[in-house]
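Scroll down for the structure; my scribbles are underneath it.
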Amino acid sequence: AAGVIQSPRHLIKEKRETATLKCYPISRHDTVYWYQQGPGQDPQFLISFYEKMQSDKGSIPDRFSAQQFSDYHSELNMSSLELGDSALYFCASSKGGGRGNEQYFGPGTRLTVT
Amino acid sequence: EDKVVQSPLSLVVHEGDTVTLNCSYEVTNFRSLLWYKQEKKAPTFLFMLTSSGIEKKSGRLSSILDKKELFSILNITATQTGDSAIYLCAVAIYSGGSNYKLTFGKGTLLTVNP
């Protein structure tokens, strides 16, 4: 079965530009989570969606927004990019609003802000 | 503040050795504890533990949770060079409704030398 798909895999942007990251969850998974992992850091929870509604919010900057669409894919929109936004952005999916808790991670999008 | 602490931070062993990785936690609204293996890509799910004292096993890997003492261990027997990776411990924390999020430890970097 296909795993979590993220696109693009690599992205290079300049400061103050905008970026959009996409995540396609595992089939029949209805919950999507976004994590940010800086160099040498553990993944930090940003935001999650269950059944197209925001379900929880972590350390997500106000410059970032996200949504989940009717086909359960999710997009993370990042504006006014800063150098410190350079990181690996992981999307994870699970089934059942997190009750299953087994979050499966996508390959990540490596964002480099220059 | 929710806290997940892993030890050791780094470990170097020879092929064939047995290793034990530790994860302790102090969180509110604990739901489950998960172990992931991260190489140069996305964290790969290993185990999810919700009940104390029940060992989960997959090949040479096994893990157990102690909810009274608030810790878990991950054992790897007969280590191979392919086991070299960062092992992440994460705690799923209930945050209301049907919402959960993962809080990660800093990880243990395991290097297995031939």
Could you provide, to the nearest whole Å², the per residue accessible area of the protein assembly as shown with probe 1.4 Å? 47
Debye-sum result for chain A in log10 I(q)/I(0), which assumes one identical scatterer on each alpha carbon, at q = 0.16, 0.19, 0.23 Å⁻¹: -0.65, -0.92, -1.31
Largest first, how would A:62, A:71, B:83, B:17 line up by accessible area (1.4 Å probe)? A:62, A:71, B:17, B:83
Solvent-accessible area buried by B and A, counting both chains, probe 1.4 angstrom, square angstrom: 1800
If B:94, A:89 are ordered by their accessible area, calculated over protein heavy atoms with a 1.4 Å probe, which sequence runs from highest to lowest? B:94, A:89
Using a 10 Å cut-off on Cβ to Cβ distances, tally the other chain neighbours for every residue of B:102-109 and report the average as a whole number. 4
What net charge do the residues around residue A:60 carry, taking every other residue with its C-beta under 15 Å from that of residue A:60, with Lys and Arg at +1 and Asp and Glu at -1? -2
Scoring the range A:5-113 by relative contact order with C-alpha pairs under 8 Å, at least six apart, yields a percentage of 36
Solvent-accessible area, 1.4 Å probe, carbon plus sulfur percent, for the range A:14-114: 46
In Å and from the alpha-carbon atoms only, list the Rg and Dmax of the protein assembly as shown. 17.5, 51
Report, to the nearest whole %, how much of the accessible area of chain B belongs to carbon and sulfur atoms, 1.4 Å probe, protein only. 52
Could you sort A:50, B:100, B:36 by accessible area so the largest value comes first, with the probe set to 1.4 Å? A:50, B:100, B:36
Amide hydrogen neighbours beyond the local backbone of residue B:65, cut-off 5 Å, H modeled: B:53, B:54
Environment charge of residue B:107, counting only residues whose C-beta is closer than 15 Å and scoring Lys/Arg +1, Asp/Glu -1: +2
Amide H proximity to residue B:27 below 5 Å, modelled H, separation 5+ or other chain, gives B:3
Most mobile listed residue (B:72, B:63, B:84) in chain B, GNM with C-alpha springs under 10 Å: B:84
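The values are calculated or read from the model by the stated rules, or taken from the named source; none is laboratory data. Just so we're clear, the structure is a prediction, and the values are computed from it rather than from any experiment. Glycine gets a Cβ as well: all are built from the backbone with ideal geometry, and neighbour counts include every protein chain shown. Accessible surface is based on the protein model in full, side chains and every heavy atom, while ligands, DNA and RNA are left aside. Shrake-Rupley method; radii C 1.70, N 1.55, O 1.52, S 1.80 Å.
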